[in-house]
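Each value in this text was obtained by applying a stated rule to the coordinates, not by laboratory testing. It should be emphasised that the depicted structure is a prediction, and the values quoted were computed from it without experimental measurement. Don't worry about glycine lacking a Cβ; one is built from the backbone with ideal geometry, like all the others, and counts go over all protein chains shown.
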Amino acid sequence: MARRARRGPGAVILRRQRDRTPVAWRNGAGVTEEVAAARTGRIGDGEGDRIAWRVSIATVDKAAPFSRFDGIDRLLMPLTPAGIHLRLSGAARDVSQFDVVAFPGEADVASIEDAPGARDLNLMVDRAFGGGQLVRSYVTGARTLRRRAGQEVVVVVALCPTLRYRGEQLEEGDAIVVDDDRTVILSGYGSVAEATVVRATG
């Protein structure tokens, strides 16, 4: 049976990158900015409530192993032009900018040979709660986005500073969180990352 996430009333929420507070990693190798998340109310991962899903942006300052997250599926999209260089289950894996790599949270993963300041967008989903998808898409003049049937949430992250939402300029890293059936209309020309979470059935 799918676990229930704890969250507030449905809404379309604009979350500015400038308002987020980076949290330093315990190993000192980087920081994480939480973009949006929901939690199950169960204790796990050594950090209080276990996540149902989380979208975050990480800045990697030096090579280091990734934290282990049992029962969590992860998707990672490099945001900087050089991409990111990983060791994934013992094999080297180069991931280009805006490509996506998926791996289980139990996997042995480390960043290697990355220049300080490498950034990546992350989607983490408790596999008992559901599944996720992370893709890059484009806005050419105007584009309508909405949560589709079966989707728990859609988080849209601006990948460039050339888009507008409700007349407001979006900066790179700004995010729009859609967890009800309202429509989001973006205008301008540029790309976004779309992180979607689908709740498990049964």
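Elements of the type strands (runs of 3 or more DSSP E) sitting completely within region 67-148 and holding at least 1 residues that are free of Cβ contacts under 8 Å to residues at least 24 places away in the same chain: these cover 84-88, 91-95. For region 94-110, does any single residue satisfy the condition of being aromatic (F, W, Y) and more than 13 Å from the chain's Cα centre (by Cα)? Yes.
For region 182-193, filtered to residues that are touching a residue at least 40 places away in the same chain (Cβ under 8 Å) and farther than 15 Å from A36 by Cβ, the residue that is nearest to the chain's Cα centre (by Cα) is S191. Filter region 136-151 down to the residues that are over 14 Å from the mean Cα position of the chain (by Cα) and not small (G, A, S) and list them by number. Of everything in region 136-151, those that are over 14 Å from the mean Cα position of the chain (by Cα) and not small (G, A, S) turn out to be Y138, V139, T140, R143, T144, L145, R146, R147, R148, Q151.
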